[in-house]
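Report on the following structure.
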Amino acid sequence: MQSYEAILRIMLAVLIGGAIGYEREFNNRPAGLRTHILVCLGAAVISLIQVQSIEETTNMILKYPQLESALKADIGRFGAQVVSGIGFLGAGTIIHEKGSIKGLTTAASLWVVGCIGLAIGMGYYMLSLTAGIAAVIILVTLKKFEDRFVDKHRVIKYEILYINRNSTMQFLEEYFTGKRIKVTHIEYPLEEEELIEEEQQVKKCVYTVLIPRYISSTDVLYGLTKNDSIVKATIL
C-alpha cells in the first residue's frame with residue numbers, strides 16, 4: 001500500500017469520526033468529539049495493519065510458493081476484535097439514573113464509528129462516506145422527530161405541601177389525568193412533622209410521575225401551585 005493511501009484513510013477516519021462526535025459533543029453526551037475520533041481512527045489503523053499483513057503474506061507466498069501451506073492471513077480476525085472491544089466504551093456511556101436508561105444512542109454511535117473506521121481502513125470509501133453521512137443525519141434529524149412525535153416519558157418526583165387532604169388529592173388526580181401524566185407512586189412520609197404556616201396544618205406528600213416529553217416539568221409545577229390547597233410544590 002502506498003503511503004498517501006494510508007494517510008488518506010487516516011484523515012477520512014478523523015473527519016467522519018469527528019463529524020459524528022461533534023453531534024454528540026454538541027448535545028453534551030458522555031462520549032464526544034475526541035472519543036469518536038479516536039475510536040474511528042483506531043479501527044482504521046487496525047484495518048490498515050490487517051490489509052498490510054495480507055499484502056505481505058500474499059507477496060511472501062508469491063515469492064516462495066512452498067510457504068503456501070504455512071502462511072495464513074485471517075481477513076476478519078482483527079475486525080472482529082475491534083467490534084467486540086468497543087463494547088467496554090459503550091457500556092461506560094450507558095447511565096442508569098432515576099429509573100431511566102441514558103447513553104444508549106451514544107454507545108450505538110461509538111459502535112457505528114468503529115465499524116466505519118474498519119471500512120475506511122479496508123479502503124471502502126463509498127461505503128464509509130455513505131455510512132458516515134447516514135449516521136450524522138440519523139443523530140441530528142431523528143432526535144428532533146423523536147422529541148416531537150414519539151411518546152416518551154420522563155420520571156419526575158414532586159414534593160407537595162398541602163393543607164386540605166381531600167380537595168388536594170382530588171385536584172391532583174384530575175390534574176395529572178387531564179395532562180396525560182401517569183402517577184406511579186405516592187409517598188406520605190412517616191416522619192410527618194406537622195408544619196405550622198399561617199396558623200394552618202400543613203402536610204407533605206411526594207408524587208412520582210411519568211411526564212410525556214412534550215410537557216415541561218416546570219409548567220406542571222406552575223400548574224400545581226395554582227391550587228389554593230397546595231402551599232408549595234418542588235421538583236426533587
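Some values worked out for this structure:
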item: Per-region count, region 84-111, residues at pLDDT 70 or above and assigned to a loop (DSSP other than H, G, I, E, B); result: 2
item: Members of region 161-209 that are modelled with pLDDT under 85, among the aliphatic types (A, V, I, L, M) and part of a strand (DSSP E or B); result: 195, 196, 202
item: Subset of region 200-222 that is out of contact with any helix residue (DSSP H, G or I) (no Cβ under 9 Å at 6 or more places or on another chain), hydrophobic (A, V, I, L, M, F, W, C) and closer than 11 Å to residue 235 by Cα - its residue that is least open to solvent (accessible area, probe 1.4 Å); result: 206
item: Cβ-Cβ under 8 Å pairs, at least 6 apart or on other chains, region 135-146 side modelled with pLDDT of 70 or more, far side assigned to a helix (DSSP H, G or I) and open to solvent by 70 Å² or more (accessible area, probe 1.4 Å); result: 139/105
item: Near pairs, Cβ below 7 angstrom, 6+ apart or cross-chain, from region 109-125 (in contact (Cβ under 8 Å) with a residue 24 or more places away in the chain and over 19 Å from residue 7 (Cα atoms)) to any residue that is open to solvent by less than 20 Å² (accessible area, probe 1.4 Å) and assigned to a loop (DSSP other than H, G, I, E, B); result: 110/31; 110/86; 111/86
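The values are calculated or read from the model by the stated rules, or taken from the named source; none is laboratory data. This is a predicted model, so every value here is computed, not measured. Virtual Cβ from ideal backbone geometry, glycine too; neighbours counted across all protein chains shown. Note: accessible area is taken over every heavy atom of the protein model, side chains too, but ligands, DNA and RNA are not part of it. Shrake-Rupley method; radii C 1.70, N 1.55, O 1.52, S 1.80 Å.
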